[in-house]
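See structure below.
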Amino acid sequence: MSKHEKLLFKILSGTSDANIHFKDLCDFLKNLGFEERIRGSHHIFRKEGVIEKINLQQDKDKAKPYQVKQVRNVILKYKLGGKINVQI
């Protein structure tokens, strides 16, 4: 399982929202085709075909848990997870 797949599994499982590294989450979103724009401490991700914009802020070296949940909801809504199957 690649690093990308492990992080996807971690995000979709919902059990480690407070333990996702901010940089890993940003790299993950870029890998999914999101474009990043940085405004101060806000990292804003947009992707064509996805209505929601994802706004991330760093909490020390981690992503904020509620923002990881927002990423999970976008992945599930737009079926961006690929072939990983996680029981929720």
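The values are calculated or read from the model by the stated rules, or taken from the named source; none is laboratory data. Predicted, not measured: the structure shown is a model, and the values here were computed from it. The protein model used for the area step is the full one, side chains on, heavy atoms only, and it has no ligands, DNA or RNA in it. Shrake-Rupley method; radii C 1.70, N 1.55, O 1.52, S 1.80 Å.
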For this session: With a bin width of 10 angstrom, please list the P(r) values of the range 33-83 as percents of all Cα-Cα pairs, from the 0 bin to the one holding the largest distance.
Result: 24, 55, 20, 1
Exercise. In the chain, if every C-alpha pair distance is counted and binned at 5 Å from zero, what percent goes to each bin?
Worked result: 3, 14, 29, 28, 18, 6, 1, 0
Exercise. Which value, in Å², gives the accessible area per residue of the chain when a 1.4 Å probe is used on the protein heavy atoms?
Worked result: 65 Å²
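Which of the pairs LYS3/LYS23; LYS47/LYS77; LYS10/LYS62; LYS10/LYS47 have their Cα atoms more than 18 Å apart in this structure?
Values: LYS3/LYS23 13 Å; LYS47/LYS77 13 Å; LYS10/LYS62 14 Å; LYS10/LYS47 22 Å.
With Cα atoms farther than 18 Å apart: LYS10/LYS47.
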Exercise. For the chain, what % of the accessible area comes from carbon and sulfur atoms, probe 1.4 Å?
Worked result: 50 percent
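Extension gain GLU36-ALA18, at 0.36 nm per residue separation less the Cα-Cα distance, in nm? Show your work: numbers first, answer last.
On the way: separation 18, 0.36 × 18 = 6.48 nm, distance 2.19 nm.
So the chain would gain 4.3 nm between GLU36 and ALA18.
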